[in-house]
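What follows is one structure encoded as structure tokens, with my remarks underneath.
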Amino acid sequence: MRFFIDTGSVAEVEEIAAWGILSGATTNPTLLAKEDGDPGEIVRRICDIVGGPVSAEVVSDDAAGMVEEGRALAALHEHVVVKVPFSSEGLAATRALSAEEIRVNMTLVFSANQALLSAQAGATFASCFMGRLDDISVDSTAVVEEIVASLRPGGTTTEVLAASIRHPEHVVTAARLGCEVATVPVKVFRQMLNHPLTEKGRELFKSDWESRPEFVEWLRELVSKQPTSA
Ligand code: G3P
């Protein structure tokens with residue numbers, strides 16, 4: 001499963017991109033509205049940092065308006081994927097944009113039926129919001145499982161993108177169920193790092209090594225003998 005970062009913050013993208021694990025990013029009007037500066041410049045900057053698909057969302061309600069906005073957003077950068085909220089107008093806009101080879105991320109998908117329709121309209125990604133399902137006591141695991149199980153047999157190329165990720169367990173569930181992508185907020189990425197035994201183990205290795213100063217010296221010398229990388 002590939003990782004996208006779910007944010008409108010360039011600083012957060014830079015932080016997680018430095019880990020070497022990012023394949024893309026997702027923005028939405030709520031996330032971008034939290035940021036200062038030109039939204040177009042922010043999206044372009046995020047595209048340059050991640051070097052992969054970056055979703056930017058249309059806000060019109062009618063297909064014609066969505067297509068116009070989609071073309072304009074796609075023209076911002078080669079990595080832009082147009083995010084379209086699910087609706088009948090959204091399906092029509094997705095068909096039109098994908099016919100122009102503009103990639104679409106169908107968002108606000110909450111059921112297998114919506115995902116199946118999105119795939120038929122030519123969507124590259126179908127974004128299922130796990131956290132928002134859990135918010136209304138609908139079991140997001142069951143919904144994601146049904147979405148993946150429904151799309152697979154049809155041989156569709158539409159990838160399942162797990163979104164509205166609220167905690168590390170959502171990430172594991174998405175991977176276990178076969179989602180191709182999870183878009184993760186920075187807070188959850190930081191939580192995914194943590195395990196008490198990892199921390200404890202690192203400290204023990206360090207203190208055991210430092211208990212032998214001659215070994216510390218040996219490694220320092222070994223490093224100093226290496227040719228300096230340009
Ligand atoms: O990508 C969608 C995501 O940003 C929504 O997350 O936490 O507002 O449900 P949340």
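We did not get these values from a lab; they are worked out from the coordinates using the rules stated. Nothing here was measured: the structure is a model prediction, and the numbers come from that model. All Cβ positions, even for glycine, are placed from backbone atoms using ideal geometry, and neighbour counts span all protein chains on display.
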Ratio of Rg to Rh for region 51-92, alpha carbon only, Kirkwood? 0.98
Among Ser98, Ser60, Ser137, determine the one that fluctuates most according to a GNM of the chain built with springs between C-alpha atoms less than 10 Å apart. Ser137
For the pair Ala142/Ala33, report the inter-label distance in nm, with labels modelled 7 Å from Cα in the Cβ direction. 3.2
Dimensionless Rg/Rh of the chain, both radii on Cα and Rh by Kirkwood, sits at 1.10
Counting Lys +1, Arg +1, Asp -1, Glu -1, what net charge surrounds Ala75 among other residues with beta carbon under 12 Å of its beta carbon? -2
Which distance in nm do the two modelled labels at Glu100 and Glu14 give, with both placed 7 Å along the Cα-to-Cβ direction? 3.3
Rounded to whole angstrom, the alpha-carbon centroid of region 57-132 lies from that of region 162-185 at a distance of 20
Among chymotrypsin sites (Phe, Trp or Tyr not before Pro) in region 1-47, those in a DSSP loop whose Cβ has at most 13 other Cβ atoms within 10 Å are Trp19
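Using the C-alpha atoms of region 1-65, what convex hull volume per residue, in cubic angstrom, is computed?
Numbers: hull volume 6.3 nm³, N = 65.
About 97 Å³ per residue, rounded to a whole number.
Where does the chain land at 222 nm, in deg cm²/dmol rounded to the nearest 500, when only DSSP H runs of n ≥ 4 count, each adding -39500 (n - 2.57), divided by all residues? If you can, show how the numbers build up before the last one.
Working: 12 runs with 120 residues, N = 230.
The helix contribution divided over the chain gives -15500 deg cm²/dmol.
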Sum of side-chain charges, Ser88 neighbourhood, beta-carbon under 14 Å (Lys, Arg +1; Asp, Glu -1): -2
